[in-house]
Amino acid sequence: MKQKVVFVDRDDTLIRTGYQGYWYITAPNQVQFFTGVLEGLKRLRDAAVPVFCVTTQNCVPKGVITKEELVAIHDAILYRVDAALSSMVDIGVVFGDAVIGKTELIKWQQNIQNMLAVDEVEYWMIGDLPTDIEAGAATGCKTIHLWYPETEFHIAVNGDPEIAKKHSWDRRPKTSADYEVSGFLEAVEIILREEGRDGL
């Protein structure tokens, strides 16, 4: 049986953005997990499925926060995950306006396979944007597009209207994902079901 590994986007997949009207997460106390995320991570841990968070953070080159402040935010995320007896192995970051792309995922896949010391790995990508799904598909991942019903409201109220308009984030994006879901637990159920493990 192939070893399952899950890549998951950070913002608006694991945690909410737009804290109190701000577009970016700028401090550890702003980290708010979506309902079901910690439970879903725990289920993946119980099924021995490693999870790697992958994210782009153009807030650093824009000067909104420093790299040190971003590390503190990610430390807070990993601490909360660990305290909940969940399992997220690492958080990889691409700085700048670039999206998570094929080159970055291939590098991570190679490192992960070497670290796990297994011959075959089946990769999954969970994300909220078409670029997440495209990067996953381009590197052979099974893809799950996760779009919370509350995301549209949050973007309309708290987000930058110009950014939302540019990316059509005021409505559920159309993607070529293998699966479409509206909650993290639903995504986890799909992965574990394909693994042949109930555990639910």
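The values are calculated or read from the model by the stated rules, or taken from the named source; none is laboratory data. These numbers come from a predicted model, not from an experiment. Counting neighbours? That spans all protein chains shown, and the Cβs are built from the backbone with ideal geometry, glycine included.
Observations
- Residues that are touching a residue at least 12 places away in the same chain (Cβ under 8 Å) and either within 13 Å of the chain's Cα centre (by Cα) or surrounded by fewer than 15 Cβ atoms within 10 Å (Cβ to Cβ) (or both) within the range 51-66 comprise V51, F52, C53, V54, T55, T56, Q57, N58, P61, listed in sequence order.
- Test: residue in the range 20-38 that is in contact with a Ser or Thr (Cβ under 7 Å, 6 or more places away or on another chain), among the aliphatic types (A, V, I, L, M) and at pLDDT 90 or above: yes
- Some residue of the range 132-151 being modelled with pLDDT under 85, surrounded by fewer than 17 Cβ atoms within 10 Å (Cβ to Cβ) and within 17 Å of D12 (Cα to Cα): yes
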